[in-house]
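This report concerns only the one structure given below.
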């Protein structure tokens, strides 16, 4: 499912999230991870919902399996690229971030303001306000940026 370098990256992420180093990720580990990222006062319900996504205690094997299942449900890269190309009428490989934000919040399965913020935090527009959708599509389907 994953190559060796991806497994190593997931292992590093798991180790960072396993704040108390007991080999499992639980609600307190998630709370500490969010705090380390600057998000304080995460609701218990939100943390419980995250932990409940797992079939049992979240050790590294469960963590890796969960990521595999999440990524397996992703559309192929070409499908996602085609969706963005509809908005890239000049074929430049980018679209205006404000335009995409408006479309994401008003069309089909609407994004919330928070979901748009999360997307732009992970994939920030350039200084001109353009979103490099080709790189975004690659990361969505491969889990890492192109060199």
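The values are calculated or read from the model by the stated rules, or taken from the named source; none is laboratory data. This is a predicted model, so every value here is computed, not measured. Here Cβ is always computed from backbone atoms with ideal geometry, including for glycine, and neighbour counts include all displayed protein chains.
Taken as a whole, the condition of being in contact with a strand residue (DSSP E or B) (Cβ under 7 Å, 6 or more places away or on another chain) and surrounded by 14 or more Cβ atoms within 10 Å (Cβ to Cβ) applies to residue 24.
Residues in segment 104-122 that are touching a helix residue (DSSP H, G or I) at 6+ places or on another chain (Cβ under 9 Å) and modelled with pLDDT of 85 or more: 104, 105, 110, 111, 112, 113, 115, 116, 119, 120.
If I filter segment 92-120 down to residues being in contact (Cβ under 8 Å) with a residue 24 or more places away in the chain and in a helix (DSSP H, G or I), which single residue comes out as farthest from residue 134 (Cα to Cα)? My answer is 98. Only one of these conditions is not met by residue 47: (1) out of contact with any helix residue (DSSP H, G or I) (no Cβ under 9 Å at 6 or more places or on another chain); (2) in a helix (DSSP H, G or I). Which number is it? Every listed condition holds for residue 47 apart from (1).
Residue by residue, here is whether (1) assigned to a loop (DSSP other than H, G, I, E, B); (2) in the same structural domain as residue 131 (by TED's automatic domain parsing); (3) surrounded by 15 or more Cβ atoms within 10 Å (Cβ to Cβ) holds:
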| position | (1), (2), (3) |
| --- | --- |
| 9 | no, no, no |
| 29 | no, no, yes |
| 41 | yes, no, no |
| 90 | yes, yes, no |
